[in-house]
Amino acid sequence: MIVAGRGAASRPTVESGAGPAAGDDPGGTSIPGAEGPNANASAPALEDLVSLARAVLATCAARGLTIATAESCTGGLVGHALTEIPGSSASFRGGVVAYANDAKTALLGVDAALLARHGAVSAEVAEAMADGARRRVGTDLAVAVTGVAGPDGGTAEKPVGLAYICATGPLGTRLLRCHWPYDRAGNKRASAGVALAMLRDMAKETGDAGPPRSPESGPPPG
């Protein structure tokens, strides 16, 4: 589902395109920076991301799930947090950092026409990136992040701090539109934290629903 924008933010905002409402925390660990009951005044630290990554990997290992990442504005930060945990290769099969549009097309299969129509920072492209990572890496779950980290590059329609984060798996797709008020590093960490929290929650839901279905194409999970 695609959600509408809220305009400029003076504090973190998160909008849900599927599943729980913004700020809800069904998994027991707050989404760093999310507006609502678990709101934080500052962006998460790297230690927070590693803690979330540990929860992601433990959840996936307990359910036999594999994961992949597709990152643009976060530049590999989600994958970095995951690989800080020893033994992460049991669940984390790999990630793609696709910064330029042509890299998104070449590495993740994002349609160039989709990029031209909606722009790299969009719900549509975030979903295509997640789908591409899941298919090409061959995993049960995947998450993608695209946004405007700043301090430059923002517009009235797509301001600095805007990010779209999409997680996908055999039960479907979940999309969040976030708008962060931090500096470049803080915006990147906040988006990475949401991406990890979404992976954790989707892994729990997928495991509770029974054995996952494999992606339509790509190598089988191993």
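Since every read-out is calculated from the coordinates, none of them should be taken as a lab result. This is a predicted model, so every value here is computed, not measured. Here the Cβ is made from the backbone with ideal geometry for all residues, glycine too, and neighbour counts use every protein chain on show.
Summary of computed values
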{"item": "Test item: Cα-centred dipole of region 13-208, Lys/Arg +1 and Asp/Glu -1 on Cβ, debye", "result": "400 debye"}
{"item": "Ranked by how many other beta carbons lie within 10 Å on average, peptides 89-98, 70-79, 137-146, 114-123 from highest", "result": "137-146, 70-79, 89-98, 114-123"}
{"item": "Furthest towards positive pole of dipole, Met198, Ala128, Cys166, structure part region 13-208, Cβ charges", "result": "Ala128"}
{"item": "Simple spin-label estimate for Arg117 and Asp102 in nanometres, 7 Å along Cα-Cβ", "result": "2.3 nm"}
{"item": "Extension gain (nm, one decimal) between Ser42 and Ala90, 0.36 nm per residue minus Cα-Cα", "result": "14.1 nm"}
{"item": "Rounded, prolate or oblate (a/c below 1.5 giving rounded, otherwise prolate when a/b exceeds b/c) for region 34-128 by Cα gyration tensor", "result": "oblate"}
{"item": "Segments 189-195, 55-61, 128-134 sorted - mean Cβ within 10 Å per residue, highest first", "result": "189-195, 128-134, 55-61"}
{"item": "Alpha-carbon Debye profile of region 13-208, log10 I(q)/I(0) at 0.14, 0.15 Å⁻¹", "result": "-0.68, -0.79"}
{"item": "Charge context of Ala58, other residues only, Cβ under 12 angstrom, K/R +1, D/E -1", "result": "+4"}
